[in-house]
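Everything below concerns the one structure shown next.
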Amino acid sequence: MSTLTRRGLLRSAAAGPLILPSWAVPPSDRIALGGVGLGPRGANVLKSFFAQPEVRFLAIADLRNERRELIKSMADKHHDTHDTKMYRDMFDLLARDDIDAVLIATGDRWHTTASILAAQAGKDIYCEKPCSMTIAESRALAQGVARYKRVYQAGTQRRNVTNFQLAVGLVHSGKLGKVQTLHANTLNPKTSHEWLPEEPEPNPEVCDWNRWLGPCPWRPYNSKYVAGRWRGHFDFHGGGILEWGSHTVDVCQWANQSDATTPVEFEPQGNHVHARWANGVKLVMRDTGWLGMGTCSVRFEGDNGWVETGDTGKISLSDNLQSEYREIKEAGTDPTKHVRDFLDCVKSRKQPKSNALAAAQGHIACHAAYISWQLGRKLAFDPARDLFINDDEANRMRSRAIREPWRV
Amino acid sequence: MQAPAPSSSTSGVNVAAIFAMNEAALIAVLQDAAAPLYAKAKACQRLALVGGRDAVPALAKLLADPKLNTYARYGLEPIRDEAVDVALRNALAALSGNPRQGVMNSIGRRRDAKAVKAVAKLLGDRDVETARTAAATLAKIGNPEAAKELEKAFPRATGPLHDTVAQSGIICIENLKAAGHAREAAALAAALRKGPLPKPVQIALG
């Protein structure tokens with residue numbers, strides 16, 4: 001180890017990719033990270049942060065003691081220390097001046113509120129998707145991050161996965177010709193209004209149910225919610241269009257160079273929703289009819305050919321575009337390059353690929369599609385005002401009351 | 001609206017039936033002392049879509065209920081009728097603690113200019129969370145009168161309230177600018193610059 005100097009490592013790095021050991025990163029280049037609500041997905045993303053040499057994970061805040069303990073043990077093992085702090089209350093973590101950035105991977109209901117609180121506390125933010133529960137929350141998120149000039153990366157990592165980049169590149173380079181239709185793989189939109197049977201509330205030290213509910217309306221405790229069965233419940237979840245659309249509609253928004261806007265028209269067709277941007281390009285959100293490229297597939301069609309790809313890394317191309325084919329073995333679920341993009345931006349103060357504005361617009365498109373599906377009718381939408389045109393009922397669905405004392 | 005799945009039944013309540021009710025039937029659920037809490041919660045959520053002036057009294061009655069108050073506000077917030085603002089202002093005077101904070105959330109969402117004075121009084125509340133919510137509510141209302149109240153409160157506020165008033169000042173400045181009140185926005189910014197300010201607010205203020 002004594003012959004491995006930092007300068008030597010940097011010289012070697014110029015010749016090719018190299019991962020520096022953490023001891024080789026000077027303190028001024030280190031990024032102190034905290035975690036908020038890290039379950040299985042959060043722990044997986046945290047491993048990608050651990051793979052970056054400048055990251056030092058200092059603290060975890062979680063309302064569940066078993067998760068606090070688990071993340072602490074992961075971090076302590078990784079850093080060879082016993083110093084990782086545990087907090088039940090995220091405010092205690094956010095109050096620490098020595099933490100630069102936070103990884104937020106709570107349930108969806110907390111994502112916007114926690115992200116805005118983190119921005120107010122001066123932290124940069126990597127937040128798992130879906131990032132918002134409503135159109136109003138999406139806008140508040142973008143405004144809150146911009147207000148405090150924070151770096152924000154939504155956990156929509158496909159913007160940093162090679163096969164998705166290749167497909168989008170075919171649109172942007174004009175190789176598909178005039179683009180006609182972009183397809184986004186979504187799930188069945190439906191949610192449930194059911195409450196699970198009431199169970200005795202646990203000791204708040206074990207699991208703080210009041211805090212778990214957070215901004216959502218009260219309902220009786222049931223352990224299944226906490227164990228992950230909150231998905232699919234309307235009060236906790238934005239539905240199946242948002243669940244995958246936060247990834248795939250996001251990629252289509254990027255392909256259509258619509259990161260500052262959304263489609264202007266949404267029309268349900270069964271469990272699918274057909275939308276259209278102001279430039280005339282169609283967006284089809286659908287859960288069937290894919291070629292088997294894996295979960296979260298996208299398909300782009302132009303008058304000179306088509307491309308379809310998904311989470312397996314496989315790419316399918318129209319015959320005339322076979323020369324564009326590349327063998328890619330990269331999982332669409334792997335956040336490593338997305339995390340790297342975030343950390344680079346924390347240093348450069350540029351905005352990452354899945355920045356708050358891009359994420360907000362993609363999410364608004366998904367929320368609008370879900371509202372159209374719930375109402376069962378075609379809706380016209382004004383992206384400049386986040387407003388459905390001449391449809392009071394749809395406009396009433398743009399926000400939900402937030403349970404006190406929380407606010408965004 | 002798409003009917004919820006037929007299996008959606010809690011405490012013997014058929015939620016699909018509730019979601020098929022008209023406004024009058026939903027109001028009747030809220031007024032029925034024997035109706036299960038779940039039925040009332042879902043009736044409030046449905047009234048968010050189909051409720052009007054007639055639903056306001058029944059919804060407002062639930063603002064004091066610790067389990068149903070968020071549902072009541074869920075129903076009230078989207079109703080475009082001044083009766084909602086009157087009901088929320090009345091509740092502000094009648095309630096305390098968390099339910100009153102919730103009411104302020106809704107007043108902020110609706111940007112009720114007539115509530116400025118009543119909300120501003122709560123900036124001096126002994127409960128710091130109430131005072132912080134009042135500051136955030138004034139920021140959302142974001143008119144020149146609300147800005148004046150934040151400007152007055154800023155030099156007097158201490159601890160967590162001081163930081164919240166500063167953060168609220170930034171949001172109020174954004175709302176003032178968006179409404180064309182550049183002079184008032186500049187005045188509030190100048191007041192904030194006298195500090196001290198938390199670093200994130202300094203960055204936001206530029």
Which of (1) more than 12 Å from chain B (Cβ to nearest Cβ); (2) in contact with a Gly (Cβ under 9 Å, 6 or more places away or on another chain); (3) not hydroxyl-bearing (S, T, Y) does A:W406 not meet, given it meets every other one?
-> (1)
Any residue in the range A:222-238 that is of a type in the set (G, A, S) and in contact with a Cys (Cβ under 8 Å, 6 or more places away or on another chain)?
-> yes
Can you pull out the residues in the range A:42-73 that are closer than 25 Å to A:A227 by Cα, surrounded by fewer than 23 Cβ atoms within 10 Å (Cβ to Cβ) and either at pLDDT below 95 or out of contact with any Gly (no Cβ under 8 Å at 6 or more places or on another chain) (or both)?
-> A:A43, A:N44, A:K47, A:S48, A:R64, A:N65, A:E66, A:R68, A:E69, A:L70, A:K72, A:S73
In the range A:199-223, what residues are of a type in the set (K, R) and within 11 Å of another protein chain (Cβ to nearest Cβ)?
-> A:R219
Would a scan of the range A:72-93 turn up a residue that is assigned to a helix (DSSP H, G or I) and within 14 Å of chain B (Cβ to nearest Cβ)?
-> yes
More than 28 Å from B:R109 (Cβ to Cβ) and not in a loop (DSSP other than H, G, I, E, B), is that true of A:L196?
-> no
Can you confirm whether the range A:351-373 contains a residue that is among the hydroxyl-bearing types (S, T, Y), surrounded by fewer than 17 Cβ atoms within 10 Å (Cβ to Cβ) and at pLDDT 95 or above?
-> no
Looking at (1) touching a residue at least 24 places away in the same chain (Cβ under 8 Å); (2) more than 14 Å from chain B (Cβ to nearest Cβ), which is the one condition that is false for A:K329?
-> (1)
Would you pick out the residues in the range A:384-394 that are surrounded by fewer than 19 Cβ atoms within 10 Å (Cβ to Cβ) and either of a type outside the set (D, E, K, R) or more than 14 Å from every other protein chain (Cβ to nearest Cβ) (or both)?
-> A:A384, A:L387, A:I389, A:N390
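Listed here are the residues, each with its yes/no results for (1) in contact with a strand residue (DSSP E or B) (Cβ under 8 Å, 6 or more places away or on another chain); (2) crowded, with 20+ Cβ neighbours inside 10 Å; (3) more than 30 Å from B:A136 (Cβ to Cβ).
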| site | (1), (2), (3) |
| --- | --- |
| B:A28 | no, no, yes |
| B:A33 | no, no, yes |
| B:A55 | no, yes, no |
| B:G97 | no, no, no |
| B:R111 | no, no, no |
Pair list, Cβ < 8 Å and 6+ apart or interchain, from the range A:180-198 residues that are within 14 Å of another protein chain (Cβ to nearest Cβ) to residues that are in a strand (DSSP E or B) and modelled with pLDDT of 95 or more | A:P189/A:V273; A:T191/A:H233; A:S192/A:H233; A:H193/A:H233; A:E194/A:H233
Exactly one condition in (1) more than 14 Å from every other protein chain (Cβ to nearest Cβ); (2) under 22 Å from the mean Cα position of the chain (by Cα); (3) surrounded by 18 or more Cβ atoms within 10 Å (Cβ to Cβ); (4) not small (G, A, S) is not met by A:F381; state its number.
-> (2)
Please work out which one of (1) within 20 Å of A:H274 (Cα to Cα); (2) surrounded by 15 or more Cβ atoms within 10 Å (Cβ to Cβ) is the condition A:L343 fails and give its number.
-> (1)
Hey, among the residues in the range A:112-127 that are out of contact with any His (no Cβ under 7 Å at 6 or more places or on another chain) and outside any helix (DSSP H, G or I), which one's surrounded by the fewest Cβ atoms within 10 Å (Cβ to Cβ)?
-> A:G122
Kindly indicate the residue of the range A:216-240 that is crowded, with 21+ Cβ neighbours inside 10 Å and more than 23 Å from the chain's Cα centre (by Cα) and also nearest to A:R400 (Cα to Cα) among those meeting that condition.
-> A:P217
Would you point out which residue out of B:A139, B:A157, B:A153, B:A87 is buried (at least 17 other Cβ atoms within 10 Å of the Cβ), farther than 23 Å from B:L68 by Cα and under 19 Å from the mean Cα position of the chain (by Cα)?
-> B:A139
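The values are calculated or read from the model by the stated rules, or taken from the named source; none is laboratory data. Nothing here was measured: the structure is a model prediction, and the numbers come from that model. All Cβ positions, even for glycine, are placed from backbone atoms using ideal geometry, and neighbour counts span all protein chains on display.
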